[in-house]
């Protein structure tokens, strides 16, 4: 009888752990070539949900496709990009043509500057300026092998 109670507690603990992991981590499919050579289409990445305060420049993140992006039926729901600047950082005007004429000297709160590694094929801050931090899903912790 005691072993049955122990087994039930173990099953409940495993179930709780799996639920927590599913809420904290998820797998995202890389679509397109905007992050080549770092990531390739068809690859999967493990994403840990994160807040903007947890991010650092240079990390790869996943954000929702902005609603004001180019209307394409085949547009992926998620974009995978590298963090170029965070709220409070100097605005990277030289690297980001869409931000050359903004008035503020620093990236405002609630905004991110995101760039793809493949400049020629990336829909990123070079074209649209700031991304809203509300679209952040999380940061890539590991590409698939």
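The values are calculated or read from the model by the stated rules, or taken from the named source; none is laboratory data. What you see is a predicted model, and the numbers here were worked out from it, not measured in a lab. Please note: Cβ atoms are built from the backbone with ideal geometry, for glycine as well, and neighbour counts cover all protein chains shown.
The table below gives the values:
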quantity	calculated
Qualifying residue in the stretch 112-126 (condition: surrounded by fewer than 21 Cβ atoms within 10 Å (Cβ to Cβ), under 14 Å from the mean Cα position of the chain (by Cα), on the phi < 0 side of the Ramachandran plot and not in a loop (DSSP other than H, G, I, E, B))	yes
Failed criterion for residue 36 (all others in (1) within 22 Å of residue 143 (Cβ to Cβ); (2) touching a helix residue (DSSP H, G or I) at 6+ places or on another chain (Cβ under 8 Å); (3) at pLDDT below 95 hold)	(3)
Candidate set: the stretch 85-102, residues that are buried (at least 17 other Cβ atoms within 10 Å of the Cβ) and not in a loop (DSSP other than H, G, I, E, B); chosen: the one nearest to the chain's Cα centre (by Cα)	85
Check on residue 45, assigned to a strand (DSSP E or B), in contact (Cβ under 8 Å) with a residue 60 or more places away in the chain and within 19 Å of residue 127 (Cα to Cα)	no
Top-ranked residue of the stretch 55-70 - restricted to ones that are more than 14 Å from residue 134 (Cα to Cα) and within 13 Å of the chain's Cα centre (by Cα), ranked as surrounded by the most Cβ atoms within 10 Å (Cβ to Cβ)	60
